[in-house]
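Heads up: the structure comes next, in structure tokens.
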Amino acid sequence: DSQEYKRKCSQAVSAEIKKLRQALSQDLLDKIKSCSAVFFEKLVVELLVKMGYGGSRQDAGQAIGKSGDEGIDGIIKEDKLGLDVIYIQAKKWEGTVGRPEIMKFVGALQGQHARKGIFITTSYFTEDAIQYAKKVDSKIILIDGYELSKLMIDYDIGVARIASYDIKRIDSDYFSEE
């Protein structure tokens, strides 16, 4: 049956694409971990700009991480007009990020009178950290290493396209003779 054959082929292709994407995601994360903290902070701002925050790379966001940055590694405009600013914490870590780190970030946001923040890490967040971020008044988005690498693949940051395939089917609308 040709329908069954098509279904099986589609499932096989989808499974293989998923495996390739997971391997690329892990390789990308390993590469990010080998880069400097300054490079990582710039990468994070570039990703957020590609995702539509701010306007152009030049004026949309900036990496500001340095000693005495008061817990803020970057800022980015929420939109092209800059109606609001989002504060960024970028942590290139191996261990999991726990609630105390999120609490420090919330404190840094309050120090800036900020309502929105993004905490991005190359590692993972503890369940306690995730629950705490959901409860605070400030809107905080947590992005772990796996999500970061997925977003980089989706928005073509640090990756290059090597092949693209179209999978086609018969367009039955084309053949209708109304």
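Within the stretch 1-50, work out how many residues are surrounded by 10 or more Cβ atoms within 10 Å (Cβ to Cβ) and not in a helix (DSSP H, G or I). Matching residues across the stretch 1-50 total 1.
Mind telling me which of the residues 164, 176 ends up being open to solvent by 40 Å² or more (accessible area, probe 1.4 Å), assigned to a loop (DSSP other than H, G, I, E, B) and within 25 Å of residue 14 (Cβ to Cβ)? Working first, answer last.
Details: 176 fails: within 25 Å of residue 14 (Cβ to Cβ).
After applying the criteria, what remains is 164.
For beta carbons closer than 9 Å, sequence separation of 6+ or different chains, a first residue in the stretch 1-29 that is among the charged types (D, E, K, R) and a second that is loosely packed, with under 12 Cβ neighbours inside 10 Å, the qualifying pairs are 6/169.
The residues of the stretch 113-169 that are of a type in the set (Phe, Trp, Tyr) and within 16 Å of residue 22 (Cα to Cα), listed by number, are 146, 155. Scanning the stretch 129-155 for residues that are without any contact (Cβ under 8 Å) to a residue 40 or more places away in the chain and open to solvent by 80 Å² or more (accessible area, probe 1.4 Å) yields 134, 135, 137, 139, 154.
Checked against (1) open to solvent by less than 30 Å² (accessible area, probe 1.4 Å); (2) under 24 Å from residue 39 (Cβ atoms), residue 93 meets all criteria but (1).
One residue stands out among those in the stretch 55-67 that are open to solvent by 70 Å² or more (accessible area, probe 1.4 Å) and in a loop (DSSP other than H, G, I, E, B): the one that is modelled with the lowest pLDDT, which is 67. If you go through the stretch 96-115 and keep only what is surrounded by 16 or more Cβ atoms within 10 Å (Cβ to Cβ) and small (Gly, Ala, Ser), you end up with 108, 114.
The values are calculated or read from the model by the stated rules, or taken from the named source; none is laboratory data. Quantities reported herein were computed from a predicted structural model and do not represent experimental measurements. Ideal geometry is used to build each Cβ from the backbone, glycine not excepted, and the neighbour counts take in all protein chains shown. Just so you know, the surface numbers come from the protein's heavy atoms only, side chains and all, with ligands and any DNA or RNA stripped out. Shrake-Rupley method; radii C 1.70, N 1.55, O 1.52, S 1.80 Å.
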